[in-house]
Structures are given as C-alpha cells and as structure tokens.
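Values in this text are rule-based calculations from the coordinates and carry no lab data. Note that this is a predicted model, so its numbers are computed, not measured. Cβ placement follows ideal geometry from the backbone for every residue including glycine, while neighbour counts extend to all protein chains displayed.
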Amino acid sequence: MRKDKGFIGWLVLIIIALALLKYFLNWSIFDAAASEQGRNTINYIKDVLSFVWSYARVPVLFIWQKVLELMPSR
C-alpha cells in the first residue's frame, strides 16, 4: 500500500472550501489579500513563520534525516 497519497485530495478540498466561502459568504481570499489589512496580515504571518523556522530548522532537519534513515529504501 502506498502512503504518499493525499496531496491532490487536500488541494481539491482547499479549492472546494474557497469556492464555498465565495458562494455562501461572498468572501474571496484574493480580495482579502488585496486589501491593506490583508497585505499587513500576510507580511506579519510571513515574519512569524520566518522567525520560528530560524529556530526550528536544525532540529526539524535532524529529525527528518533520522526518519529517512529508518525508512526502507525502495
């Protein structure tokens, strides 16, 4: 059984969720991102994620390498 499935399913689910938000609530992620507050929010989230990644990068990559070593090669 393959365990690398699911990316397309998540992508389709996100697209459907965005379409439902637009249809029922008349809310668009593109309109929200185009506003001044939306751009500020996106920049804030980008800065926070960059800060968190700067501290978490080394342990995450170390754990990822250990996980890859435990997986049987194909």
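How many of the residues in segment 39-74 are closer than 30 Å to Ser28 by Cβ and more than 17 Å from the chain's Cα centre (by Cα)? Looking only at that region, the number is 2. Meeting the requirement of 3 or more residues that are hydroxyl-bearing (Ser, Thr, Tyr), the helices (runs of 4 or more DSSP H) wholly within segment 7-74 are 36-70. So which residues in segment 1-59 are of a type in the set (Phe, Trp, Tyr), surrounded by 10 or more Cβ atoms within 10 Å (Cβ to Cβ) and either in contact (Cβ under 8 Å) with a residue 40 or more places away in the chain or closer than 30 Å to Met71 by Cα (or both)? Listed by number, the list holds a single entry, Trp53. When Lys46, Lys66 are screened for being among the basic types (Lys, Arg) and over 30 Å from Leu18 (Cβ atoms), only Lys66 passes.
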